[in-house]
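Novice: I'd like to ask some things about the structure below.
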Amino acid sequence: MDPREHVLAGLGDVTSWQEELYVRLHQEPELSMQETRTAAEVTRRLASFGYEVLQVGGGVVGVLRNGPGPVVLFRADMDALPVREATGLPYASTRTVVDHDGATVPVMHACGHDVHVVAALGAACLLAERRDTWSGTHVALFQPGEETAAGAHSMVEDGLVDKVPRPDVAFGQHVLTEPAAGEVAIAAGPVLSTGACVRVKVFGRGSHGSMPHLGVDPVVLGASIVTRLQTVVAREVAPGDFAVLTVGSLQAGTKANIIPDDATLLLNLRAYDLTVRDRLRAAIERIVHAECDASGCPRPPEIELYETYPLTDNDTEVTARVTAAFVDHFGEHRVRHLDPVTASEDFSVIPDAFGVPYAYWGFGGFTADQEPVPNHNPGFAPAMQPTLATGTEAAVTAVLAWLGRPAVSADR
């Protein structure tokens, strides 16, 4: 029997505990870098499967050594979002927690990371139970803090590269609104944008609302900056290049008749090219400083870059091999081309730290009778099945495209 068919023959045996675990994780989401209960559950299950388990940078890594052959790393993210759930599911989250700023916030798995954890654990279990059909090493990595771009860096900074076997190849996946449930989508090259957030604080001079001539109004200044920033993508980026510059927040003042001392803007950048992202950053710096000068601000602005995400750029040869394995397993009708997604991920920080190629794909979460709801929306509710099964099958299929061929190194 083909190794993949042999391993996936046990899929029905893991379905019941996967669904039970999914419900529990969905009801008990944890914010970025606070995933203690999720990590403990992952640790317990990996150990029960026979994996050597390590705690690294807030994440969990399971290593299953099974003779000579390639080393394959499969990564899943664990964190949830500060979103109040409005799915109407019988297992909807009602949790509230204290965030890093000390505020009490609702928490929801609004991006499907609960799906990712359960699918990756299912794949780890199946591979452990059918060790007689493959040879090599499987590294099951569960990462914290993807939503804040902190988790992958945290694991790398905690010595990940020195603590686990160096992989020949690395994989990751994400549940999406497209393709349809039961299908996977993959493509070579850039598939997720590079992203970054920028915090801009501008300084005016406070005054009574009836005496604007005695102050420098940071609200008017902030509005001018917002308006001018809209020209960057339209007039400074080539029409054929992808770029997004969003002002997601403008905060200033507390009362109608008080001109405040300062205003804070939060910006978000996306691009498929690092040079385009750098052009956006330079334009922000130039425009903010110019508008502050024009307003006569008493001090220069503060501009801070944070939550930076790398480009996710799938290796051509690795992607071709995974795609072929997907077609062989799912059939051509269930394997789609993944159009570049405008969202961002920190997954590639991990394979880049090892200096190894990678592939990252999407799989569908919404059935034909559902209205797809985008990730991060309070109503984001993927169908439990066939979503969990598809994610598990995709993980096993990709891993065994390498481990199913004993003692063969990853193609480069």
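Novice: Would a scan of region 112-124 turn up a residue that is open to solvent by 10 Å² or more (accessible area, probe 1.4 Å) and not in a helix (DSSP H, G or I)?
Specialist: Within region 112-124, not a single residue is open to solvent by 10 Å² or more (accessible area, probe 1.4 Å) and not in a helix (DSSP H, G or I).
Novice: Let me ask something else about it. Which strands (runs of 3 or more DSSP E) sit wholly inside region 2-94 and have at least 2 residues that are over 17 Å from THR392 (Cβ atoms), open to solvent by 10 Å² or more (accessible area, probe 1.4 Å) and out of contact with any Asp or Glu (no Cβ under 8 Å at 6 or more places or on another chain)?
Specialist: 52-56
Novice: Please determine whether any residue of region 373-396 is open to solvent by 10 Å² or more (accessible area, probe 1.4 Å), more than 17 Å from the chain's Cα centre (by Cα) and modelled with pLDDT under 95.
Specialist: No, the conditions are met nowhere in region 373-396.
Novice: If you don't mind, another one. Could you check region 198-238 and list, in sequence order, the residues that are open to solvent by 20 Å² or more (accessible area, probe 1.4 Å), part of a strand (DSSP E or B) and within 28 Å of ASP273 (Cα to Cα)?
Specialist: Passing the criteria: ARG199, LYS201.
Novice: So, THR254, is that one under 14 Å from ILE284 (Cβ atoms) and open to solvent by 50 Å² or more (accessible area, probe 1.4 Å) or not?
Specialist: No.
Novice: Could you check, for region 125-136, whether at least one of its residues is closer than 27 Å to ASP273 by Cα, outside any helix (DSSP H, G or I) and touching a residue at least 60 places away in the same chain (Cβ under 8 Å)?
Specialist: No, there is no match, as no residue in region 125-136 is closer than 27 Å to ASP273 by Cα, outside any helix (DSSP H, G or I) and touching a residue at least 60 places away in the same chain (Cβ under 8 Å).
Novice: Right, VAL53: in contact (Cβ under 8 Å) with a residue 40 or more places away in the chain and either of a type in the set (A, V, I, L, M) or on the phi > 0 side of the Ramachandran plot (or both) or not? Reasoning before the result, please.
Specialist: Numbers: in contact (Cβ under 8 Å) with a residue 40 or more places away in the chain: no; either of a type in the set (A, V, I, L, M) or on the phi > 0 side of the Ramachandran plot (or both): yes.
In short, no.
Novice: Would you please list the contacts, defined by Cβ atoms under 6 Å and residues six or more apart or on different chains, that run from a residue in region 361-372 that is within 16 Å of VAL335 (Cα to Cα) to a residue that is open to solvent by less than 60 Å² (accessible area, probe 1.4 Å) and not in a strand (DSSP E or B)?
Specialist: Sorted first by the residue in region 361-372, then by its partner, the pairs are GLY362/LEU338; PHE363/THR390; PHE363/GLY391; PHE363/ALA394; GLY364/GLU183; GLY365/PRO382; GLY365/THR387; THR367/ALA383.
Novice: In addition: Which residue, of ALA103, ALA86, is modelled with pLDDT under 95 and among the hydrophobic types (A, V, I, L, M, F, W, C)?
Specialist: Of the residues listed, the single one that is modelled with pLDDT under 95 and among the hydrophobic types (A, V, I, L, M, F, W, C) is ALA103.
Novice: Could you please find all residues in region 248-302 being more than 26 Å from ARG205 (Cα to Cα), out of contact with any helix residue (DSSP H, G or I) (no Cβ under 6 Å at 6 or more places or on another chain) and assigned to a strand (DSSP E or B)?
Specialist: ASN268, ARG270 - these are the residues of region 248-302 that are more than 26 Å from ARG205 (Cα to Cα), out of contact with any helix residue (DSSP H, G or I) (no Cβ under 6 Å at 6 or more places or on another chain) and assigned to a strand (DSSP E or B).
Novice: Another question, if that's okay. State whether the residues of region 305-320 include one that is open to solvent by 60 Å² or more (accessible area, probe 1.4 Å), modelled with pLDDT under 95 and acidic (Asp, Glu).
Specialist: Scanning region 305-320 turns up at least one residue that is open to solvent by 60 Å² or more (accessible area, probe 1.4 Å), modelled with pLDDT under 95 and acidic (Asp, Glu).
Novice: I've got another one for you. Does region 169-187 include one or more residues that are farther than 15 Å from LEU403 by Cβ, assigned to a strand (DSSP E or B), in contact with a Gly (Cβ under 6 Å, 6 or more places away or on another chain) and of a type outside the set (A, V, I, L, M)?
Specialist: yes
Novice: For region 340-355, enumerate the residues that are open to solvent by 10 Å² or more (accessible area, probe 1.4 Å) and at pLDDT 95 or above. First the steps, then the outcome.
Specialist: Going residue by residue through region 340-355, those that are open to solvent by 10 Å² or more (accessible area, probe 1.4 Å) are 340-344, 349, 352-355.
Within region 340-355, VAL349, ASP352, ALA353, PHE354, GLY355 meet the criteria.
Novice: With the structure loaded, tell me whether VAL327 is free of Cβ contacts under 8 Å to residues at least 24 places away in the same chain and more than 20 Å from the chain's Cα centre (by Cα) or whether it fails that test. Before the answer, list the steps.
Specialist: Numbers: free of Cβ contacts under 8 Å to residues at least 24 places away in the same chain: yes; more than 20 Å from the chain's Cα centre (by Cα): yes.
Taking the combined requirement at face value, the residue satisfies it.
Novice: Moving to a separate point now. Go through region 152-182 and give me each residue that's touching a residue at least 60 places away in the same chain (Cβ under 8 Å), surrounded by fewer than 20 Cβ atoms within 10 Å (Cβ to Cβ) and of a type in the set (D, E, K, R).
Specialist: GLU157, ASP158, LYS163, ARG166, GLU178
The values are calculated or read from the model by the stated rules, or taken from the named source; none is laboratory data. Only a predicted model underlies this, so the values are computations on that prediction, with no experimental measurement involved. Every residue, glycine as well, gets a Cβ built from its backbone with ideal geometry; the counts of neighbours run over all protein chains shown. Surface accessibility is based on the protein's heavy atoms, side chains included, excluding ligands, DNA and RNA. Shrake-Rupley method; radii C 1.70, N 1.55, O 1.52, S 1.80 Å.
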